[in-house]
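Since the structure comes first, as structure tokens, the remarks are kept for the end.
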Amino acid sequence: MAIHLITTKQTDNFNDSSIVASIKNLWQKIEKNHKKNDTKKKKITQLYQSFQSNVLPHEQEMCIQVQTLITTLIPFVSRKSLSEAHREELLDWINQELYFIESNPFAQNIEIDSLRDALQQQLLILAERNPFEESAENLQQLAMMLEDLFGDELNLNAEELSNVARDPDELQQYIDRMHKKSQEEQDAKQRDGDHNEWQDEQYDQVDQNGQRKSERLALDKLFKRSELNKIYKRLAAKFHPDKEMDDAKKTHKHKLMQQLSEARKTNDAFTLLLMYQQHYDDTDLIFDDATMQAIEKLLRQRIHLLERENHQLSSANTPEGMVWQQLSGRSKKATAKNIESLITERQEIADNCQAIVKDITNLKMLKEYLNERLDNAPLADTDLDTFNKIFS
């Protein structure tokens with residue numbers, strides 16, 4: 001970005017000299033922030049490309065092995081000889097693995113809905129085979145099981161829960177309704193996300209070109225009565241595509257003319273000044289005091305936007321942003337170490353899943369794993385309180 005000298009019409013005034021120095025300093029900060037953001041964008045892109053080449057295959061293989069583990073565990077849910085404690089622990093295990101995959105942005109090839117449908121079918125088989133003994137404890141267990149299944153608060157009153165418990169058809173209908181509701185909520189969330197993104201774009205445009213109506217009106221006046229209007233006219237004459245015979249150059253000028261027109265339409269003085277400095281070799285741009293003050297304010301706003309952009313680059317909720325947040329280090333060596341550690345972690349998870357699937361060939365082996373999980377499970381708050389009272 002070229003930095004030209006910008007002067008006022010009264011350069012012998014001390015205040016005028018100060019604002020000229022301020023504007024030159026702001027231009028330099030803008031150039032520095034542009035370079036800083038461009039550098040970060042390149043680093044984020046390079047890190048994501050490295051992730052795709054080196055880590056993503058391990059990430060996807062891990063997800064496949066977790067899916068295989070879930071597929072192996074699900075058929076045991078309806079087994080008759082499984083105790084309620086084991087069944088509850090098994091369901092908790094399956095739901096943990098399902099959530100693990102669902103929360104992974106790189107598990108695109110895993111059919112989560114198919115896995116959940118298979119789990120629901122096992123629960124229906126269990127409900128049809130075992131007549132439900134309606135008691136407060138059993139109803140509470142059913143409610144907890146349904147909450148775990150859908151990851152949401154139960155929206156059934158006591159009578160509705162009782163009907164669901166007694167009738168497998170009612171249970172199937174409830175599961176179907178909850179599945180449909182979950183899909184609708186997911187679709188609504190996606191629409192809200194698109195709407196919020198549109199709002200952010202609108203906000204950025206307003207912020208960039210003047211947040212308040214009074215500022216936009218002031219800029220409009222400046223365009224009409226100051227050197228900004230002369231600059232616009234000079235650029236418009238230079239970019240007019242009809243004056244160009246070469247087709248490639250004509251296309252290029254057409255794009256420049258569109259950019260210029262948009263800047264004029266939105267009173268984007270920053271873009272106007274930047275285009276002028278890029279396409280004219282003038283060493284001086286002479287403006288009156290009001291225009292200089294407006295330009296200074298615009299440049300400060302531009303710096304604020306660039307700083308915000310830099311922050312958003314680091315915290316973006318995108319695959320690229322998440323990779324950057326997890327793997328970027330203070331140095332290339334630190335980043336390489338983070339990548340190596342993640343690959344090792346993913347390989348260990350995949351190998352562990354493979355080993356479990358290989359072991360669990362019958363109910364006896366499954367129970368050994370479930371017993372180990374129960375033994376290693378952390379105490380609930382109520383259990384911990386009881387433990388402390390006994391041994392205090």
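Every number here is computed from the coordinates shown, using simple stated rules; none is lab data. The shown structure was predicted, so the numbers you read here are calculated from the model rather than taken from an experiment. No Cβ is skipped: glycine too gets one built from the backbone with ideal geometry, and neighbour counts run over all protein chains shown.
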Response to the item:
Of the listed links LYS43/LYS265; LYS32/LYS253; LYS29/LYS230; LYS181/LYS367; LYS243/LYS265, those spanning more than 30 angstrom between alpha carbons are LYS43/LYS265; LYS181/LYS367
Discussion item. Just to be sure I understand the model, the point goes 7 Å from the Cα along the line to the Cβ. What's the resulting LYS41 to GLN121 distance in nm?
Written reply: 4.9
Discussion item. Under the rule a/c < 1.5 gives rounded, and otherwise a/b versus b/c splits prolate from oblate, where does the range 20-133 land using the Cα gyration tensor?
Written reply: prolate
Worksheet item: Measuring from centroid to centroid over Cα atoms, what is the spacing of the range 45-87 and the range 333-362 in Å?
Response: 11
Worksheet item: Tally Lys/Arg at +1 and Asp/Glu at -1 over every other residue whose Cβ is under 11 Å from the Cβ of ALA350; what's the total?
Response: -4
Discussion item. Using the basic label-point model (7 angstrom from Cα toward the beta carbon), what is the ASP113 to GLU372 distance in nanometres?
Written reply: 3.5
